[in-house]
1. From the alpha carbon gyration tensor of segment 1-145, can you work out the equivalent ellipsoid semi-axes (sqrt of 5 times each eigenvalue) and give them in Å, largest to smallest?
2. To the nearest Å, what is the center-to-center distance of segment 36-109 and segment 121-176, using C-alpha atoms only?
3. How tilted is helix 210-222 with respect to the longest principal axis of the chain? Cα atoms for both, answer in degrees (0 to 90, nearest 10).
4. Report, in listed order, any pair from Lys10/Lys170; Lys10/Lys63; Lys76/Lys161; Lys10/Lys103 with a Cα-Cα distance greater than 32 Å.
5. Which residue, Tyr248, Tyr131, Tyr41, tops the fluctuation ranking in a GNM of the chain built on C-alpha contacts under 10 Å?
6. Tell me, what is the per residue accessible area of the chain in Å², probe radius 1.4 Å?
7. Taking 0.36 nm per residue of sequence separation and subtracting the Cα-Cα distance, how much length would be gained by fully extending the chain between Glu64 and Leu164, in nm to one decimal?
8. When a/c is below 1.5 the answer is rounded, else prolate if a/b is larger than b/c, else oblate, so apply that to segment 14-85 with a ≥ b ≥ c taken from the square roots of the Cα gyration tensor eigenvalues.
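The values are calculated or read from the model by the stated rules, or taken from the named source; none is laboratory data. Quantities reported herein were computed from a predicted structural model and do not represent experimental measurements. Note: areas computed on protein heavy atoms with side chains; ligands, DNA, RNA excluded. Shrake-Rupley method; radii C 1.70, N 1.55, O 1.52, S 1.80 Å.
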Amino acid sequence: MDFFETLKKKQKRTPFDRSTEMHYFLDNAGILSNVPYFSRYARVNNPFDIVRANIIIRALQNKEMIQEALTKVYRKGSEDEKKNMKDTLSPFLETLPYLREGKDRIFVPIFPRSTNRTYDGEFEKLKEKPYSALLSDYAEAFVTDPFDVYGYELYNSYFTKWILICKNEKEAVFYDYDSWSLYAVNSQGRLNAQIALFDRYIGRPYTNHMIERVTPVAEAYLNGNKETMIDELVDNQLISRRLIFNIYAEERRVYSRINK
């Protein structure tokens, strides 16, 4: 069995099922069913995919809330508020999750960057074609895969609670407190590896100073040094020596059968 799969299989029960992320997904997954392009995310059942689904849900909710705020100002706002719409909505926009890209904010990552500018200041475009179609439906002609477009940086945003540990041009490693896991995500926003912590042979997981403890693990992973990574997992009490011993013992049994 693959090393990372073994860690997942042997992991203790995590707090994820009781987390705010899980409750948010259960409360809002129905939104995804209304958008065919993303409906498959309504049926996911593991922490990584639930976090991805929640990013999309938050993007869809942002879209609707920004449009509703615009409509309210256009209908009931003063002439000065309408004339200076960007300043009028600025305090409201700051309360929403977004991805920061230089000076730009991406509030609706299911749309490309050019379309996102209509939701962060270029509001007048929503009155014009083709952008006016966004107001009446989800305009699937605009929809894109957010993970393809924005890559691993989408996880390093206000759309998730993950903590970025380290990264290079091709891959980034994040820590998720809810699922007791490190996630290595590639530049296409896909999962390369999950390093599940705290296996069943650890009595009571010690969860203090986690960022300090997982950093050398993540760095060793990115450097492609598996032995150092395993040593850091054990030395920082993230994985039990017993589990590592069992993994090595199983590897030796497999190799011995192959070499007979």
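1. Output for segment 1-145: semi-axes of 35, 16, 14 Å.
2. After rounding, the separation between the Cα centres reads 10 Å.
3. Taking the Cα atoms of the chain, the angle to 210-222 is about 80 degrees.
4. Lys10/Lys63; Lys76/Lys161; Lys10/Lys103
5. Highest fluctuation among the options: Tyr248.
6. In whole numbers, the chain has 53 Å² accessible per residue.
7. In short, 33.1 nm is gained.
8. Because a/c hits 1.5 or more and a/b exceeds b/c, segment 14-85 counts as prolate.
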